[in-house]
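Visitor: Below is one structure. I have some questions about it.
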């Protein structure tokens, strides 16, 4: 647009006349997966000579189909990584630390530093790893994470002569990549002020000791005694004994003045130390809350709010070992939403997501005991672990879940039942059976297959493997 009387505006960027969406990562991933899928980080393609919008992005994409299930395009939700970097910089600016987000291979996605997360070699985009960052603290954190075999941890490291507290956490995104959050906070931010305060008191103590020696050499005992008392009091304060009582005021004006001055300094130092301790406690609580939130996200399915596959694998292994060790039964159920792809195609992905949420709520209501677990196994498949549950109770629970989901009466025109239903495969570990952890899972899968083959909307229980 041109406004009369004003200079013409400058064009920041223009479209790429040769741009083909079919060549972009988000398009390729959606078509190849034929479902919603995370795509890797990539550099935006734009004719941008001045480099005004030089950035990368990543996100999720999914194919779109018309009512006749003909492919019509791809929908994508993209996050500009530069926005994540700006967020990290804002968070770190008040505490003097550094933070970054990286992929499993260490490639930077966002950073609170000023360095870029990639460089160009002609038309080729070269990603920069955290361990190769221009920021020394980020480079050290990246190296620590690269050498560690743990998905989370913290330790002290030294960077250019300064100690840093390093903390990292790896998060597995639901149906997506594993991302690592790294954080480094200089020890001086929470330890330096306190050390300087105590050193100041120590130097003050030495000074008064020196005054006491001079007084002993060149003054009478009457003159030296107040200085000795004053030095003793300074030593107590240096040791952190804020309750130590000050000596009696000396009749000598100079010593009385020193006593008052030291008392004033001690009161201010005490307030400063208490405030510093309070701030350290607040920062520690903030970090602990953030770590707890990250830990919760790492074991929770982002759509349904119940446990994810990672958490299921951990709990299943623990409960199987406990049941085998104590000779107690253990029930494993595998559930599949019947004809869910047809439901998605007919009603749309938003309706499909809502249906999965309602199914997950029913499973959660039927897994309320401390040792029970309802989890999203993947896509439209769910699982339930029921500790200390035998075959008769397992069959009853499975039927209760099946009928409760049918009672939701979620319309499904593509199903012979006219509503959303589930098929359930049940396998039970008992003292009479001799199966491994993997075999029990296979038994539940086979029972689920029989339930589908028998017409769906039913529960099948696996046969018992007898000992001997």
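Rundown of residues vs (1) free of Cβ contacts under 8 Å to residues at least 24 places away in the same chain; (2) surrounded by 14 or more Cβ atoms within 10 Å (Cβ to Cβ); (3) within 30 Å of residue 23 (Cα to Cα), yes/no style:
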residue	(1), (2), (3)
58	no, yes, yes
65	no, yes, yes
84	no, yes, yes
109	no, yes, yes
113	no, yes, no
119	yes, no, yes
122	yes, no, yes
138	no, yes, no
158	yes, no, no
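Visitor: What is the one condition in (1) in contact (Cβ under 8 Å) with a residue 24 or more places away in the chain; (2) under 23 Å from residue 164 (Cβ atoms) that residue 143 does not satisfy?
Guide: For residue 143, the failing item is (1).
Visitor: Would you say residue 175 is modelled with pLDDT under 80 and over 19 Å from the mean Cα position of the chain (by Cα)?
Guide: For residue 175, the condition - modelled with pLDDT under 80 and over 19 Å from the mean Cα position of the chain (by Cα) - is not met.
Visitor: Now for a separate question. Got a sec? Which of 413, 381 is under 30 Å from residue 66 (Cα atoms), within 28 Å of the chain's Cα centre (by Cα) and surrounded by fewer than 22 Cβ atoms within 10 Å (Cβ to Cβ)?
Guide: 381
The values are calculated or read from the model by the stated rules, or taken from the named source; none is laboratory data. Values in this document were obtained by computation on a predicted structure and should not be read as measured data. Cβ sites come from the backbone with ideal geometry, for glycine too, and all protein chains shown count toward neighbours.
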